[in-house]
Amino acid sequence: MESDILLIRERQIADIADFDRIVYLHRKQIYQLAYRLIGNHEDADDISQEVFIRAYKSIRKFKGKSKLSTWLHRITVNLCINHLKKKSRHGCESTDEKTLDMQVYSLGSDRTKTPLDNVEAEELTRQVKEAVESLPVAEKVVFVLRVHQELSYKEIAWAIDCPIGTVMSRLNRARRRLRDKLKDYII
């Protein structure tokens, strides 16, 4: 966090080269978050780029009261929510079918497993991905930030601008929905 704040202070004084370092340090995490929320490589890539454009334009507003990564998560979440709302209004499907084997929910294949084990793991991966994608947007955002980005409740609350209690209840509802949807796959 201290290095992020130092980079930002340098950026507030210096040129674009300082911001390149911030992009380099956070680009993978921001892309992964966007992809997990959107489910489409091209859209996640576009959103990731937009996150850094917006961050660059408003970097002077960052006060260092949170981690830089949390601030970037907030921008990412807001852009993803807007994207999902826009897609649902236009009736577009946001899932990229080529990504069903994505690393986000993938259990991975193991050479010691039989082909049948791998097929079953792929099916479970597909079911989990579909279940997560079917969550209401607010629950999906909280679930992804907590489970995949490993943010604290406090960081999530800040990132989505709501009380910690709301974060906890959304996460609880998301987990219950996922448990219900995946009951046939849970041992």
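Taking 7 Å steps out from each Cα toward its Cβ at Arg126 and Lys65 produces label points 4.7 nm apart. Run a plain Debye calculation on segment 22-71 (Cα atoms as equal point scatterers, no solvent) and give log10 I(q)/I(0) at q = 0.15, 0.25 Å⁻¹, rounded to two decimals, same order as the q list. Cα-only, vacuum Debye calculation for segment 22-71: -0.40, -0.95.
Peptides 133-139, 33-39 ordered by packing proxy, namely the average of other Cβ atoms within 10 Å per residue, highest first: 33-39, 133-139. First compute the accessible area of segment 114-187 with a 1.4 Å probe, then give the percent of it belonging to carbon and sulfur atoms. That fraction is 53 percent. The phi torsions of segment 119-134, fed into the Karplus equation with coefficients 6.51, -1.76 and 1.60 and a -60° offset, translate into couplings of 5, 4, 5, 5, 5, 4, 4, 5, 5, 5, 4, 5, 5, 5, 5, 7 Hz, rounded to whole numbers, with Gly and Pro shown as x.
Full extension of the segment from Lys183 to Ile53, taken as 0.36 nm per residue of separation minus the current Cα-Cα distance, would add 42.6 nm.
Based on the mean of other Cβ atoms within 10 Å per residue, sort peptides 59-72, 141-154, 42-55 so the most packed one is first.
Working: 59-72: 16.1, 141-154: 19.6, 42-55: 18.1.
Highest mean packing first, the order is 141-154, 42-55, 59-72.
At full extension, Arg27 and Asn82 could sit 17.8 nm farther apart than now, given 0.36 nm per residue minus the alpha carbon distance.
The values are calculated or read from the model by the stated rules, or taken from the named source; none is laboratory data. None of the values given here were measured: they were computed from a predicted structure. Cβ coordinates were reconstructed from backbone atoms using ideal geometry, including for glycine residues, and neighbour counts include every protein chain displayed. Just the protein is used for accessible areas: all its heavy atoms, side chains included, with ligands, DNA and RNA removed. Shrake-Rupley method; radii C 1.70, N 1.55, O 1.52, S 1.80 Å.
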